[in-house]
Amino acid sequence: MGACSRKEISVATGLDQATVTRGIAPLIDDGIVEEVGLVRGGRGRRSINLSFSGSGRYILCLRLQRRSFSVAAFNLRGDLLDTTEFPIARDSSARRTFGEISAILDSHIAKLKQVDGIGVAVPGPFLERDERVILMTESPQWQGFDLVPELRARYPDVPVHSAHDAKAAALTEWRHRARVLGAKVMLYVSAGQGIGSALVVDGHVHRGAQGLAGELGHTSISVDGDRCKCGNRGCLELFTSRISLLRAIRKRASEAGGTQLRSDSDFVDVLKAYTEGDDLASEEVHRVARYLAQGITNCINFVNPDLVVIGDEYAGFGERFLDEIKTHVKKAVLPSIFDAVNIELSQHCEDTVLRGAYLDVLAQTYLGSPRVEPESRVAEAAG
């Protein structure tokens with residue numbers, strides 16, 4: 001996290017320095033903010049820099065996916081202290097998985113002592129207004145389970161904040177890429193166990209009337225395709241999710257030779273095979289790239305972003321995968337439109353969903369307003 005002086009806070013907020021000093025004092029006393037040394041200002045004057053605390057107070061973040069869940073611990077300064085991913089058994093009920101999640105969170109809370117918030121990121125369609133998952137393809141057990149209220153009931157003394165996973169990741173990507181590139185409109189595409197997206201306009205995530213905006217995975221690319229659980233036909237997610245990719249590869253691997261892949265290969269196996277140029281892996285991954293490019297093309301024509309970031313697990317396929325997507329997008333849009341949009345892979349080695357969930361908790365707990373976006377106070381606090 002970045003550091004700033006009381007004067008810089010005064011300038012950014014429009015408050016006089018005396019008011020800022022009075023407001024900061026209890027935060028220092030409570031161990032939320034700490035003084036971190038002197039900085040030379042104008043006319044040779046020196047000011048004491050302030051930063052969120054690097055120890056003593058923490059934020060936990062939970063990311064739920066179809067086949068796994070992840071838990072991460074951050075200090076208030078944003079340093080990632082620990083993150084672990086846990087598989088979810090195919091036949092596991094939501095209640096049983098919730099018990100496993102709770103055990104992990106209990107362990108962290110006991111160890112960290114002071115947890116100031118829990119951020120929860122879930123796949124969609126997710127009604128952010130009601131904090132309710134209304135569909136999780138391949139994992140129907142979560143549709144009747146109120147995860148966020150259950151967490152609040154279990155941890156009544158810890159604020160729990162929820163977000164759609166793609167929107168959470170978009171906060172991270174905007175902070176690290178869009179602001180640097182000067183982008184006005186960023187489309188973030190989360191491609192992995194599911195397909196989601198988020199649109200960020202001038203630093204603000206577009207959420208829609210019910211918080212459902214960004215369900216790219218449930219837009220159709222084939223009106224005569226198979227019916228999706230959402231009711232639509234030919235949804236992008238049916239063609240491009242990690243689940244559908246593995247299903248296609250496992251079927252072909254069991255019927256053909258000449259490949260290092262098997263009928264029980266997992267995503268790590270596919271990633272390795274693709275990187276090493278395996279023909280089967282390349283064919284199926286590039287098939288996914290073509291379908292994903294169609295979904296991205298539809299978004300480019302509809303919302304006109306100047307930056308598209310592809311993140312989550314598929315970012316691991318690397319530049320060859322990206323080039324395949326760009327090739328298909330270039331064929332499908334007008335040259336002037338293609339030349340005006342940057343399409344790139346996420347450059348993060350850590351889970352951007354968990355990082356975004358941390359930013360969301362930080363904003364809602366300490367920065368004075370719900371759903372503060374990174375262009376405003378989150379960006380300033382994050383440096």
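Only lysines eight or more places from residue 326 in sequence, or on another chain, were considered; those with a Cα closer than 29 Å are 167, 184, 251, 272. Relative to the longest principal axis of the Cα atoms of the chain, the long axis of helix 352-366 makes an angle of roughly 30 degrees. In the chain, the calculated helix contribution to ellipticity at 222 nm averages -12000 deg cm²/dmol per residue, counting -39,500 (n - 2.57) for every DSSP H run with n ≥ 4.
Electrostatic tally near residue 126: other residues with Cβ closer than 14 Å to its Cβ, Lys and Arg +1, Asp and Glu -1, net -1. Packing order of peptides 242-252, 26-36, highest average first: 242-252, 26-36 (average count of other Cβ atoms within 10 Å over each peptide's residues). What is the sum of charges around residue 158, taking Lys and Arg as +1, Asp and Glu as -1, for the other residues whose C-beta is under 11 Å from the C-beta of residue 158? Neighbourhood net charge equals 0.
Remark: relative contact order (the chain) = 15 percent; criterion is Cα-Cα distance under 8 angstrom and separation of 6 or more residues. On a per residue basis, the range 78-198 carries 40 Å² of accessible surface, using protein heavy atoms and a 1.4 Å probe.
Computing FRET efficiency as 1/(1 + (r/R0)^6) for residue 157 and residue 201, where r is the C-beta to C-beta distance and R0 is 30 Å, gives about 0.25. Between residue 306 and residue 320, the contour length at 0.36 nm per residue exceeds the alpha carbon distance by 2.9 nm. Treating r as the C-beta distance of residue 92 and residue 226 and R0 as 30 Å, the FRET efficiency rounds to 0.70.
Restricting to bridges with both residues inside the chain, how much of the DSSP beta-bridge set is antiparallel, in percent to the nearest 5?
65 percent
Per residue, the convex hull spanned by the Cα atoms of the range 45-192 amounts to 150 cubic angstrom.
In terms of Cα atoms, the Rg and Dmax of the range 59-113 work out to 11.9, 39 Å. With only Cα atoms counted, the range 212-342 has Rg and Dmax values of 15.4, 45 Å. Accessible surface computed residue by residue for the range 241-373, with neighbouring protein chains in place and a 1.4 Å probe, gives 45 Å² per residue. Solvent-accessible area assigned to carbon and sulfur over the chain amounts to 49 percent, based on a 1.4 Å probe.
Estimate the FRET efficiency between residue 184 and residue 252 by the formula 1/(1 + (r/R0)^6), using the beta-carbon distance for r and 30 Å for R0, to the nearest 0.05. Could you put the intermediate results ahead of the total?
On the way: r = 43 Å, r/R0 = 1.42.
Approximately 0.10, to the nearest 0.05.
Build a GNM of the chain with springs between Cα atoms under 10 Å apart, and of 132, 179, 262 the one that fluctuates most is 262.
Label separation (residue 339 vs residue 25): 6.1 nm, computed from points 7 Å beyond Cα along the C-beta direction. Of the Cα atoms belonging to the chain, the radius of gyration and Dmax stand at 22.1, 76 Å.
The values are calculated or read from the model by the stated rules, or taken from the named source; none is laboratory data. All of these numbers come straight from a predicted model, not from anything done at the bench. Heads up, the Cβs are rebuilt from the backbone with ideal geometry, glycines too, and the neighbour counts pull from every protein chain shown. These area figures cover heavy atoms from the full protein model, side chains too; ligands, DNA and RNA do not enter into them. Shrake-Rupley method; radii C 1.70, N 1.55, O 1.52, S 1.80 Å.
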